[in-house]
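Shown next, in structure tokens, is the structure this report addresses.
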Amino acid sequence: MYRIGITCYPTHGGSGVVATELGKLLAEKGHEVHFITYNMPFRLGKFYRNICYHEVEVNVYPLFQYPPYDLSLASKMAEVAEQKKLDLLHVHYAVPHAVCALLAKQMVGDSLKVVTTLHGTDITVLGYDRSLHKAIRLGIESSDAVTAVSDSLIGETRRLFHINRPITRVYNFVDPRVYYPRHVDRLRSEYASDTEKILLHISNFRKVKRVDDVVKVFHAVQSHIPAKLLLVGEGPEWSEVRQQVNQLGLEDRVMFLGKQDEVAQIISLADVLLLPSEKESFGLVALEAMACGVPTVASNVGGLPEVVEHGVTGFLSDVGNTDDMAANALKLLTDRDLFDQFRKQCIERAHTRFAAQKIVAEYEAVYDHVVAR
Ligand code: GMT
């Protein structure tokens, strides 16, 4: 059993969800887990005997224009590592977390190992801030082990950062005790009638998610069959999307549900998930939907083809090809046999290939490797 420090962004977002769920499952297996973050991870939920939360406090000094968060985090990591005799720090993102963990390792000594998981965000960050290139590269090159959430992300990391070191692919996972088709008949009737289909999109409404394409797809679908669209999440594009919905006269067919934590329940309301992103290193929500028996209509980018099997658990189209996406959604929504077959295949694939138990064991194998070295 290991003593593990975990650092992630504890807010809504796939990497925070994965890091938090991983911590909980590791604790269930008997490991001692210490979250070192600036806020309580949002899905931590109930009390666990062997999970501790260590808050990173950032003081504001009149002398500094910017509070030194990264240094506070590195110092906190070192303090917790020493006090709790941590074997390793498992950090999510190369910047700033891997770089902070490497600093902590210098403060504490070489016996503290650093495992870095890449979620794709480092690459997105690089897209708008080239000045971080060297810092991201250092974080990846100098970690004791690096994992990435898809083969596509490994390829992109190698291409952009000219990195040859081993990177282990460890897919994201779902806990089958949480993600399964829920009985939501009563709740469903509050959103749609029996004759209406429900389409769903969940994201942080960043431009990269192309939520405007979600609305375009829905606009086409509802002109053929009675349907409703549920939009879950909030973010920078939210107002634009609202305006688009109004301009298309879809106000009474599109429901904005804001940020939600209990997504398994909401996903179970839906017939199809729409994920037309510009970029997606994995697409955790497509996996969550799959586990609840909901097929995904998505774009054919990044790690999405590794998650959504075209013609088996959903359909993939070129980015921006909303006509094709609408046609695919209609295929699923108008052919009961096809839908039932996809639904079965979704549950089966999510609960085998992406089962939490299997993936957590893959992370433990990475830990075994670095600690034994
Ligand atoms: O997609 C986002 O905006 C959030 C971001 C994150 O860092 O949480 O998601 C990234 O990590 C998720 C968990 O591994 C992946 O499922 C998402 O595909 C990935 N986002 C992108 O690559 C854009």
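Explain nothing, just the number: dipole magnitude of the chain about its Cα centre with +1 on each Lys and Arg Cβ and -1 on each Asp and Glu Cβ, in debye rounded to the nearest 20.
Around 600 debye, computed over the chain.
Before anything else, pin down the relative contact order of the chain: Cα pairs under 8 Å, at least 6 apart, normalised by residue count, whole percent.
Computed value for the chain: 13 percent relative contact order.
Show me the chymotrypsin sites (Phe, Trp or Tyr not before Pro) within region 180-264 that DSSP assigns to loop and that have at most 14 other Cβ atoms within 10 Å of their Cβ.
The qualifying sites: there are none.
So which residue, out of ARG182, ARG130, ARG353, gets the largest mean-square fluctuation from a GNM of the chain using Cα contacts under 10 Å as springs?
Most flexible of the set in this elastic network: ARG130.
What do you get for the angle between helix 356-372 and the principal long axis of the chain? Use alpha-carbon atoms, 0 to 90 degrees, nearest ten.
Between the helix axis and the principal axis of the chain, the angle is about 20 degrees.
Out of residues 5 or more away from LYS113 or on other chains, whose amide H comes under 5 Å of its own, with H placed 1.01 Å from N in the peptide plane?
Correct list: LEU88, LEU89.
Find, among the trypsin sites (Lys or Arg not before Pro) in region 38-97, those assigned to loop by DSSP (not H, G, I, E, B) with at most 13 other beta-carbon atoms within 10 angstrom.
LYS46, ARG49, LYS85
With 32 Å as the limit, write out which pairs from LYS113/LYS358; LYS46/LYS216; LYS29/LYS207 have Cα-Cα distances beyond it, or answer none.
Over 32 Å apart, Cα to Cα: LYS46/LYS216; LYS29/LYS207.
Which of LYS24/LYS85; LYS24/LYS134; LYS197/LYS344; LYS209/LYS331; LYS259/LYS279; LYS24/LYS228 have a Cα-Cα distance over 25 Å?
LYS24/LYS134; LYS24/LYS228
What ranking do LEU187, LEU316 get, fewest neighbouring Cβ atoms within 10 angstrom at the top?
The fewest-first ordering by Cβ neighbours comes to LEU187, LEU316.
Which three numbers, in whole Å and largest first, are the semi-axes of the equivalent ellipsoid of the chain derived from its Cα gyration tensor as √(5λ)?
38, 22, 20
How large is the dipole of region 200-296 about the Cα centre if only Lys and Arg carry +1 and Asp and Glu carry -1, each at its Cβ, rounded to the nearest 20 debye?
160 debye
Within the chain, what's the longest stretch lacking GluC sites (Glu not before Pro) that sit in DSSP loops with no more than 12 other Cβ atoms inside 10 Å?
58-189
Mind checking which of GLY14, PRO96, ALA74 is farthest towards the positive end of region 1-115's charge dipole, using Cβ charges of +1 (Lys, Arg) and -1 (Asp, Glu) about the Cα centre?
GLY14
Starting from the alpha-carbon convex hull of region 4-117, give the projected area averaged over all orientations, in nm².
So the mean shadow area of the Cα hull is 7.2 nm².
How high is the relative contact order of region 73-147? Use alpha-carbon pairs under 8 Å, at least six apart in sequence, and give a whole percent.
35 percent
Find the centroid of the Cα atoms in region 241-308 and in region 10-87, then give the distance between the two in whole Å.
Value for the Cα centre distance between the two parts: 29 Å.
Would you mind checking which residues have amide H under 5 Å from ARG169's amide H? H placed 1.01 Å from N; only 5 or more apart, or other chain.
The answer is ALA148.
Every number here is computed from the coordinates shown, using simple stated rules; none is lab data. Keep in mind the model is a prediction, meaning the values are calculated, not measured. Cβ: placed from backbone, ideal geometry, glycine included. Neighbour counts: every protein chain shown.
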